[in-house]
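The values are calculated or read from the model by the stated rules, or taken from the named source; none is laboratory data. Being a predicted model, the structure only gives us computed values, none of them experimental. Glycine gets a Cβ as well: all are built from the backbone with ideal geometry, and neighbour counts include every protein chain shown. These area figures cover heavy atoms from the full protein model, side chains too; ligands, DNA and RNA do not enter into them. Shrake-Rupley method; radii C 1.70, N 1.55, O 1.52, S 1.80 Å.
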Amino acid sequence: MAQRIDEVLQTDGFFERLWRKLIKDQRYTEYFAHAAELERLATEICEFAPAVVPGLLQTREYAQAVFLASNPFATDEYIEELIKGRMDRARLLKDTTRPLYWVVLHETVLRIPVGGPAVMAHQLDHIAALVRERKVLVQMLPFAAGAHPEMGKMMWLMEFEDAPPTVYTEAVRSGNLVDEPLVVKRTRSAYDHIRAAALAPEASLALIESAAEDYRRCASTT
């Protein structure tokens with residue numbers, strides 16, 4: 001509505017900026033809120049996850065374990081609000097107009113037992129199901145690949161119909177959203193190198209399903 005008012009009154013985005021200032025979505029940290037909004041507008045998203053399952057692919061149980069680890073003294077209500085925001089984001093992949101979503105996961109993502117074996121088995125089954133439904137393309141970067149560009153750093157590239165491509169990265173309690181062409185070009189190059197070193201999609205799916213089965217067996221013995 002704020003955007004339409006700006007368009008009619010030709011106020012150069014004034015009401016939209018005012019809306020953003022006055023009404024903030026508390027489910028997202030301040031540094032991530034704008035990236036979450038852009039995510040819904042993207043036509044293509046390419047992501048590299050070095051240690052944690054990306055938010056768009058997370059199950060409720062996995063997200064809960066991640067949030068509890070980051071907020072050990074938080075109330076149940078606060079954790080529930082964070083989970084709700086995460087699950088709302090994940091609905092993007094169910095939309096008929098969902099973006100093309102290509103993810104490279106480092107094998108570390110499979111081996112950290114977030115939430116325990118049962119949670120991990122369900123999480124990896126969920127990723128495998130999305131792959132088989134062709135809602136996302138996932139490649140695994142195995143330990144055997146060794147050194148690679150941007151080691152330990154997540155990267156997230158978004159492309160849009162009518163806006164320049166954008167890069168989002170995160171550090172400790174901070175996020176960086178950049179559309180400077182040279183930065184985007186270099187990040188795209190690094191992502192392409194990571195993607196080239198990763199396993200083929202079929203082999204990646206096999207690795208994910210094998211890890212899920214390992215966690216399932218572990219869960220059944222506890």
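For the residue pair Glu170 and Thr75, what label-to-label distance in nm results when each label sits 7 Å from Cα along the Cα-to-beta-carbon direction?
Modelled inter-label distance: 2.4 nm.
Could you compute the FRET efficiency for Thr108 and Asp12, with r as their C-beta to C-beta distance and R0 at 41 Å, rounded to 0.05? If you can, show how the numbers build up before the last one.
Values: r = 45 Å, r/R0 = 1.11.
That gives a FRET efficiency of 0.35.
Got a sec? Charge dipole of the chain, +1 on Cβ for Lys and Arg, -1 for Asp and Glu; which of Ser189, Leu141, Tyr78 is way out at the positive end?
Leu141
Along the Cα-to-Cβ line of Ala219, 7 Å from the Cα, sits a label point; which residues in region 95-121 have backbone N less than 19 Å from it?
109-121
Report ³J(HN,Hα) in whole Hz for each residue of region 92-99, in order, from the Karplus equation J = 6.51 cos²θ - 1.76 cosθ + 1.60 where θ = phi - 60°; Gly and Pro get x.
So the J values, rounded to whole Hz, are 4, 6, 8, 5, 5, 9, 4, x.
Can you work out D for the chain in µm² s⁻¹ from Stokes-Einstein, where Rh is the Kirkwood radius over C-alpha pairs, the temperature is 20 °C and the viscosity is 1.002 mPa s? If you can, show how the numbers build up before the last one.
Values: Rh = 18.8 Å.
It comes out at roughly 114 µm²/s.
How do 149-161, 66-78 rank on mean C-beta neighbours within 10 Å, highest first? Numbers along the way, then the final one.
On the way: 149-161: 16.2, 66-78: 11.4.
Ranked by mean Cβ neighbours within 10 Å, highest first: 149-161, 66-78.
Extending each Cα 7 Å along its Cβ direction at Ala147 and His34, get the distance between those two points in nm, one decimal.
Reported label-point gap for Ala147 and His34 is 3.4 nm.
If you roll a 1.4 Å probe over the heavy atoms of the protein chains, what accessible area per residue do you get for the chain, in Å²?
Dividing the accessible area of the chain by its residue count gives 58 Å².
Note the count of lysine pairs whose C-alpha atoms are less than 18 angstrom apart in the chain, limited to pairs 8 or more residues apart or on different chains.
Taking the Cα cut-off of 18 Å, the pair count is 4.
Only Cα pairs under 8 Å and at least 6 apart count here; give the relative contact order of the chain as a rounded whole percent. Walk me through the numbers on the way to the answer.
Working: 305 pairs, mean separation 52.8, N = 222.
Worked out over the chain, it gives 24 percent.
Which value, in debye to the nearest 20, describes the size of the charge dipole of the chain about its Cα centre when Lys and Arg Cβ atoms bear +1, Asp and Glu Cβ atoms bear -1, and nothing else is charged?
280 debye
How large is ³J(HN,Hα) for each residue in region 64-72, as worked out from phi by the Karplus curve 6.51 cos²θ - 1.76 cosθ + 1.60 (θ = phi - 60°), to whole Hz, x for Gly and Pro?
Karplus values, whole Hz, x for Gly and Pro: 4, 5, 5, 5, 5, 5, 7, 9, x.
Considering only region 73-222, what is the antiparallel percent among its DSSP beta bridges, to the nearest 5? All intermediate terms of the calculation are to be shown ahead of the outcome.
Details: 8 of 13 bridges.
So the antiparallel bridges amount to about 60 percent of the total.
Could you give each residue of region 32-47 its phi-based ³J(HN,Hα) in whole Hz, using Karplus coefficients 6.51, -1.76, 1.60 with θ = phi - 60°, and x for Gly or Pro?
Karplus values, whole Hz, x for Gly and Pro: 9, 4, 5, 4, 5, 5, 4, 3, 6, 9, 5, 9, 8, 10, 10, 9.
How large is the helix-only mean residue ellipticity at 222 nm for the chain, computed as the sum of -39500 (n - 2.57) over DSSP H runs with n ≥ 4, divided by its residue count, in deg cm²/dmol to the nearest 500?
Details: 9 runs with 112 residues, N = 222.
Counting only the DSSP helices, I get -16000 deg cm²/dmol.
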